[in-house]
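The values are calculated or read from the model by the stated rules, or taken from the named source; none is laboratory data. For clarity, every value in this text was computed on a predicted model and none was experimentally measured. Quick reminder, even Gly has a Cβ in these numbers, built from the backbone with ideal geometry, and neighbours come from all protein chains shown. For the accessible areas, the whole protein counts, side chains as well, though only heavy atoms, and no ligand, DNA or RNA atoms are used. Shrake-Rupley method; radii C 1.70, N 1.55, O 1.52, S 1.80 Å.
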Amino acid sequence: MSSARGPRAQTRYVCQACAAEQLRWEGQCRACGAWNSLVETPVERPRRHASAGPASSARPIALRDVADSDAVRRPIGIGEIDRVLGGGLVPGSVVLVGGEPGIGKSTLVLQAAAGIAAAGGTVLYATGEESAAQVRLRASRLGLLETPAGERIALLADSEIGRIVEAARASRPDVLIVDSIQTATLDELAGPAGSVGQVRESTLRLMEIAKGEGVATILVGHVTKDGSLAGPKALEHLVDAVLTLEGERYAAFRLLRAVKNRYGSTDEVGVFEMGEHGLAAVADPARAFFAQDGGAPGSVVAPGSVVAPTLEGTRPLLVEVQALVAPGGYGAPRRTATGLDANRLDLLVAVLARRAGVGLGSHDVYASLAGGLRVDEPALDLAVAAALTSSLRDRPIDRDTVAIGEVGLLGELRPVAGLERRLREAARLGFRCAVVPRGGRADGDAALGIETIRVGSLREALGRLVGAPVERAGHRPVGSADPSAAERW
Ligand code: TYD
Ligand code: MG
């Protein structure tokens, strides 16, 4: 191992915190004391190619003469991907596609390659993770081999960035795909593939050719279970856009989100279903996240479930929140959240007990979203609280009703953004009633095609959704938002 870590003539270890240079890798920077901050870096970075492409001219240009990136955007032809990219790939941009192993990144980028080729573009697909034969196998599964466009996709089974860049310079593809950046290496660096130095330097090298030659570049990157991109976080700062592919490995749905996008909004999501022939756009994403046994309006459901109209960017998605409250055993009760923020669940359990008379006490509590979706918006609070209460009381919530609203520490219900859009979507899917926070304009509700019940407090909302609290005879009449009675608990 000592030879791999030893000093090489052409590399140094540069501290990412203070920029001090050392000859050897050490756990701590000698200059500033930062831990794990030393990154292997070539001493002389290869000069940017002055002769490369039109974009690299050092001559200033008038602002209004700068090429409009929208005008040159290259649509991939797969609506859900284009939507997230903001309309397509911009030449010269570098896009990182992250996701857990096995989630479908390679499938996604291969389908994107096919889309680009079908539109007349050329693609160079460098695979360091799989052999060319494996990629071919996937392509045949996706039905790409029969299409004539397949000829415009060139495969390079290599992970050495120098050779990949060389191949890209020679063939000048419209789009370069590197799968994955964690397997990429540079021959002149000693660190192993996936090390901070290798990943960073490889990315910089690829960015050089992307910007210099106007090649749109897609990098595939692995994300660890805790959600961080393996390798340096710094990678996310380097690239132009970061997309993540999420979902539960054993559930079919996949969400493609932009966490960063220099060329578009980060609000959009693409919704796919992994099937026999790769990722297919979900025809009606708004209803994709109902449980299998029919979360549709009107169906009979067990207690502990309610549908909430969430908003992913500008796209309304109706998700089914499920909860199970069960008598706990010895020790601290379990609180388990799947697809939801665990801290938020703890908070809701506390607010339910103190402000709404729903004491979950020593019960074990499980809450999850159907379909493997992950939603972080606080607007989901009311639905989670209602599902918990419904499970505890063993009273189902009316299937025609949706619930949305953020819950405050005082047990008040706070307004949510985009209420009208959410309600429209719920109405479109056949829901007839919505319990929503008070405030905003109530007069226009009729036009939305759904009855809205506007409430001011969690207690009141639960009264409407789940029925009267058992602890107190007769639930508080609608309109009474006085929380003082609840505070005596
Ligand atoms: P893959 O794209 O290899 O994931 P990643 O590159 O993120 O590691 O695909 C992962 C899974 O998708 C794999 O277990 C098989 C499955 N799959 C399908 O279900 N249908 C398909 O058509 C393809 C190509 C893959
Ligand atoms: Mg892969």
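Results, tabulated for the structure shown:
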{"item": "Area accessible to solvent at Ser131, 1.4 Å probe radius, in Å²", "result": "50 Å²"}
{"item": "Under the Karplus curve 6.51 cos²θ - 1.76 cosθ + 1.60, θ = phi - 60°, whole-Hz ³J(HN,Hα) for segment 184-201, x wherever Gly or Pro sits", "result": "6, 9, 10, 4, 7, 9, 8, x, x, 4, x, 6, 3, x, 5, 5, 5, 5"}
{"item": "Over segment 72-283: Rg over Rh, Cα atoms, Kirkwood Rh", "result": "0.93"}
{"item": "Amide hydrogen neighbours beyond the local backbone of Lys260, cut-off 5 Å, H modeled", "result": "Val242"}
{"item": "Inter-part distance where segment 405-423 and segment 114-192 are each reduced to a Cα centre, Å", "result": "47 Å"}
{"item": "Proximal charge balance of Asp240 [Cβ under 11 Å; K/R count +1, D/E count -1]", "result": "+2"}
{"item": "Asn36 paired with Ala67, simple spin-label distance in nm, labels 7 Å along Cα-to-beta-carbon", "result": "4.0 nm"}
{"item": "For Val455, distant residues with modelled amide H under 5 Å away", "result": "Val436, Arg438"}
{"item": "Mean Cα-pair separation over length for segment 72-283, i.e. relative contact order, pairs under 8 Å, 6 or more apart, %", "result": "29 percent"}
{"item": "Net lengthening on full extension, Ala342/Ala119 (0.36 nm per residue, minus Cα-Cα)", "result": "75.8 nm"}
{"item": "Accessible-area value, Asp376, 1.4 Å probe, nucleic acids and ligands omitted, Å²", "result": "100 Å²"}
{"item": "Highest average packing first - 415-423, 320-328, Cβ atoms within 10 Å", "result": "320-328, 415-423"}
{"item": "Anisotropy class of segment 110-216 from Cα gyration tensor, a/c 1.5 cut", "result": "oblate"}
{"item": "Accessible solvent surface per residue of segment 72-283, calculated while the other protein chains remain in place, 1.4 angstrom probe, Å²", "result": "38 Å²"}
{"item": "Exposure ranking of Ser362, Ser391 by accessible area [1.4 Å probe, largest first]", "result": "Ser362, Ser391"}
{"item": "Sulfur and carbon atoms: percent of accessible area, segment 62-128 [1.4 Å]", "result": "54 percent"}
{"item": "Built amide H within the under 5 Å cut-off of Ala157, gap 5+", "result": "Thr127"}
{"item": "Table column - 3J(HN,Hα) (Hz), segment 385-402, Karplus curve with 6.51, -1.76, 1.60, x for Gly and Pro", "result": "4, 5, 5, 4, 5, 4, 5, 4, 7, 6, 10, x, 8, 3, 6, 7, 10, 10"}
{"item": "Potential extension, Leu410-Asp376 segment - 0.36 nm per residue separation minus Cα distance", "result": "10.2 nm"}
